[in-house]
Amino acid sequence: MRIAIVCMHHYIRLLLLFILLNSNQKLFGQNKVIDSLQLLLDNCSVDTVRVDLITVIDSVYFYQSDIQQAIKYADQGLALAEKIDYKKGIANLCLWLGSINKQLGKYQDAESYDMRALILYRELQSKRKIAAMEANLADLKTYQDKYAEALNYANSAKEAYLELNLPKYVAEVELRIGSIYYSWGKLPEALLVYSEALDISKSNMDTGNMADIYTGMGYIYELQGNVPKAMENYFNALTFYESIGNKITMANMYATIGNLYRDQKDTTHAMNYFNKALNISKSIGAKDLISIVLEYIGVMERDFKNYSAAMNYFKESLKLNKELESKRGISYNLNNIGQLNFLQGHNNEAIKYFEESLDISKEIGNQVLIVSVCNRLGKLYAAINQADTAKKYFLQALSLAQGMRGFSDLADAEEGLYKMSLDNKDYLEALNHYKLYTEYKDSIFDSEKSKQLTEVKEKFESELKDRQLKLQSLELGDQKRTKNYLIGFIILFVLISFLVYREYYNRQRLKLQTLRNKIASDLHDDVGSTLSSISIFSQIAQRRPSEVQSLLQTIEESSKKMLDAMADIVWTIKPDNDQFEKIILRMRSFAYELLGAKQIEFRFVVDDKAGKINIPMDARRNLYLIFKEATNNMVKYSNAANAEFAIKEQGGKLIMNIQDDGIGFDNQQEYHGNGLKNMYARAKEIGASLSINSTSGSGTQINLVMEV
């Protein structure tokens with residue numbers, strides 16, 4: 001009998017594992033699974049086994065998003081497990097009850113269940129379950145806006161999974177850490193962690209994790225104003241979510257995409273996605289998601305000046321968030337209601353709601369919302385001519401947004417300060433703020449901005465001319481000296497402005513001409529020669545039918561080479577790729593694809609300072625092509641088993657080191673190919689020093705040092 005019970009426990013564990021591993025599939029759409037489990041439960045008389053079976057049934061209902069049935073079975077199983085003092089069963093069911101309550105937005109109840117499960121797993125010394133509960137608590141603390149606590153739990157879980165050698169779960173925890181940084185307003189840190197997690201998830205083909213990572217990256221790009229990149233990541237995520245069939249994630253993504261369409265004034269698509277999200281959220285009773293979708297619809301109604309309808313949506317969302325005791329949701333609702341009152345001219349009401357939202361945001365440490373509220377309070381106080389208070393809020397928003405790299409928020413704050421300076425006729429300060437505003441809006445100095453900047457200059461000079469006329473009627477002495485100082489300042493300012501503008505204009509023209517020459521040269525060298533060879537191969541194929549297959553293969557390889565060259569040219573000329581962290585991501589991706597196909601193990605180490613460097617187009621292009629040539633040579637000739645790429649910034653210099661443990665080569669010998677010559681030539685072009693050290697049988701080390 002004892003052996004039978006042990007075997008049954010083993011079977012239940014295997015069944016639970018099977019269901020968890022397949023929770024991302026559409027397995028649970030089949031009622032036969034539930035019926036089979038219920039039949040086992042009805043015919044089982046061993047209480048511990050019954051608890052395990054109830055846990056499995058509960059998990060199935062949870063993944064089917066049938067929350068009511070999940071609660072029913074979890075409560076039933078917990079009562080039985082407590083009755084027989086079955087600690088493992090109690091812990092497992094507390095885990096599921098924590099997940100259920102978290103999904104319902106009942107965070108206090110969720111935390112109570114999660115902590116109870118964690119304590120029991122520690123008593124049972126189950127390292128894997130302890131790590132799982134710490135990861136769950138990291139999520140929960142993030143929802144509660146307790147970011148420091150969340151990060152501690154997540155890092156502890158990550159260390160445990162690393163110790164257990166479970167890369168899939170390491171990636172999941174990396175995703176959580178990225179989400180914590182995002183919610184905390186630390187966007188660069190979040191994007192870097194997401195990228196690392198995506199690399200791990202792709203290597204494991206973990207579609208569920210990849211979907212969540214794409215979602216997080218989409219949020220960051222949206223906040224930074226990169227709408228195409230945000231939409232690309234959202235649709236990548238949605239494709240995975242729809243294939244998985246998880247309702248809660250589908251609803252969340254529908255709402256997110258709808259909101260992005262709403263921002264683009266595409267109300268038809270926006271409402272379509274909002275309705276999809278709302279229908280799913282209501283069907284599974286997800287109050288937190290319902291509140292978010294209602295808030296999004298309210299914002300859309302507000303944009304179309306349907307203020308009464310917008311207020312109804314905001315208040316309905318606020319009511320749900322108060323029921324959920326979600327301070328985060330409440331603060332967002334109050335911010336939106338405040339903005340609605342401001343637009344209708346109810347300034348006192350607006351201030352009350354804004355300040356209440358700001359207090360809650362500071363309490364929970366939500367920097368993203370703090371920036372939004374500060375910008376709105378700045379605009380409100382500027383509108384009612386309280387300049388000092390307005391400036392205080394704009395500067396506060398500016399300070400926080402700079403740390404987050406939230407470019408749209410930075411632009412809003414600078415625009416507000418620019419308009420205030422203009423109203424106060426402080427045209428010098430207005431000019432400075434306008435330059436920063438345009439810099440955040442667009443790095444290209446276009447004619448529109450030139451015109452606006454000229455208008456500011458003209459107003460400044462006009463005002464100073466008026467002052468000159470007034471000063472002419474003043475007495476000599478101190479007034480005359482003041483006049484002379486002022487005239488001197490005007491002349492100096494105009495002269496400096498002219499010189500700066502001329503220098504900028506000349507640099508832009510030179511940069512444009514250089515860019516044109518470079519593109520023309522690259523197209524001629526890389527694309528023109530390839531097209532010529534394709535033409536020749538095509539003519540040969542027509543004359544020699546017996547060699548058609550080999551010639552077609554040669555044409556295919558040449559075409560691929562041409563497409564790769566075109567892709568490199570297009571990528572290097574984009575201004576938004578100036579930041580070195582973009583180059584690092586491209587390098588890492590190239591190395592992963594090339595070395596992975598050759599089964600070469602590699603490490604890619606980059607220090608934090610290197611990722612923040614900005615590199616001009618020419619340097620970026622040549623640096624990447626040197627890296628690409630070195631990696632290609634490694635794959636083709638080295639026969640290496642391991643490789644390492646290290647990039648760091650030290651003493652104002654960028655240092656890139658590439659090494660492998662391959663067969664090496666005699667670098668004193670003259671080689672006929674152009675690869676090594678091209679690498680030295682490219683390094684010289686960007687003023688970098690390049691050394692290649694290798695001997696036969698001892699591997700190869702490439703070191704590049706460049707001033708930055």
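The values are calculated or read from the model by the stated rules, or taken from the named source; none is laboratory data. Keep in mind that this is a model prediction, so the values were computed, not measured. For neighbour counting, all protein chains shown are included, and Cβ atoms are generated from backbone atoms with ideal geometry for every residue, glycine included.
For the range 63-122, name all the residues that are more than 38 Å from the chain's Cα centre (by Cα) and either in contact (Cβ under 8 Å) with a residue 40 or more places away in the chain or outside any helix (DSSP H, G or I) (or both).
If the condition is that a residue be more than 38 Å from the chain's Cα centre (by Cα) and either in contact (Cβ under 8 Å) with a residue 40 or more places away in the chain or outside any helix (DSSP H, G or I) (or both), then ILE84, ASP85, TYR86, GLY89 are the ones that fit.
Among the residues of the range 621-651 satisfying the criterion of being buried (at least 19 other Cβ atoms within 10 Å of the Cβ) and in a strand (DSSP E or B), which is farthest from the chain's Cα centre (by Cα)?
Applying the filter and picking the extreme gives ALA643.
Among the residues of the range 144-160 satisfying the criterion of being surrounded by fewer than 20 Cβ atoms within 10 Å (Cβ to Cβ) and either hydroxyl-bearing (Ser, Thr, Tyr) or touching a helix residue (DSSP H, G or I) at 6+ places or on another chain (Cβ under 6 Å) (or both), which is farthest from GLY185 (Cα to Cα)?
SER156
Within the group GLY218, GLY208, GLY225, GLY258, which residue is under 21 Å from GLY178 (Cα atoms) and modelled with pLDDT of 85 or more?
When all the criteria are applied, what remains is GLY218.
Quick check on the range 662-694: of everything there that is part of a loop (DSSP other than H, G, I, E, B) and at pLDDT 80 or above, which residue is nearest to ASN642 (Cα to Cα)?
GLY662
Got at least one residue in the range 180-197 being at pLDDT 80 or above, of a type in the set (Asp, Glu) and more than 12 Å from the chain's Cα centre (by Cα)?
No, because not a single residue in the range 180-197 is at pLDDT 80 or above, of a type in the set (Asp, Glu) and more than 12 Å from the chain's Cα centre (by Cα).
What is the residue count in the range 297-306 for residues that are in contact with a helix residue (DSSP H, G or I) (Cβ under 6 Å, 6 or more places away or on another chain) and surrounded by fewer than 22 Cβ atoms within 10 Å (Cβ to Cβ)?
The qualifying residues number 2.
When ALA70 is evaluated against the numbered criteria (1) modelled with pLDDT of 90 or more; (2) crowded, with 20+ Cβ neighbours inside 10 Å, which criterion, by number, is the only one it fails?
(1)
I'm checking my understanding of the structure. Among residues of the range 352-362 that are touching a helix residue (DSSP H, G or I) at 6+ places or on another chain (Cβ under 7 Å) and of a type outside the set (Gly, Ala, Ser), which one is surrounded by the fewest Cβ atoms within 10 Å (Cβ to Cβ)?
First, pick out the residues of the range 352-362 that are touching a helix residue (DSSP H, G or I) at 6+ places or on another chain (Cβ under 7 Å): 353-354, 356-358, 360-362.
Now narrow it down to the ones that are of a type outside the set (Gly, Ala, Ser): 353-354, 356, 358, 360, 362.
Values: TYR353: 23, PHE354: 25, GLU356: 17, LEU358: 23, ILE360: 21, LYS362: 14.
This residue is LYS362.
Can you find, within the range 591-620, the residue that is surrounded by the fewest Cβ atoms within 10 Å (Cβ to Cβ) among those that are touching a residue at least 60 places away in the same chain (Cβ under 8 Å) and in a loop (DSSP other than H, G, I, E, B)?
It comes out as ILE613.
Among the residues that make up the range 421-440, is at least one of them out of contact with any Asp or Glu (no Cβ under 9 Å at 6 or more places or on another chain), modelled with pLDDT under 75, not basic (Lys, Arg) and not in a helix (DSSP H, G or I)?
Yes - at least one qualifying residue is present in the range 421-440.
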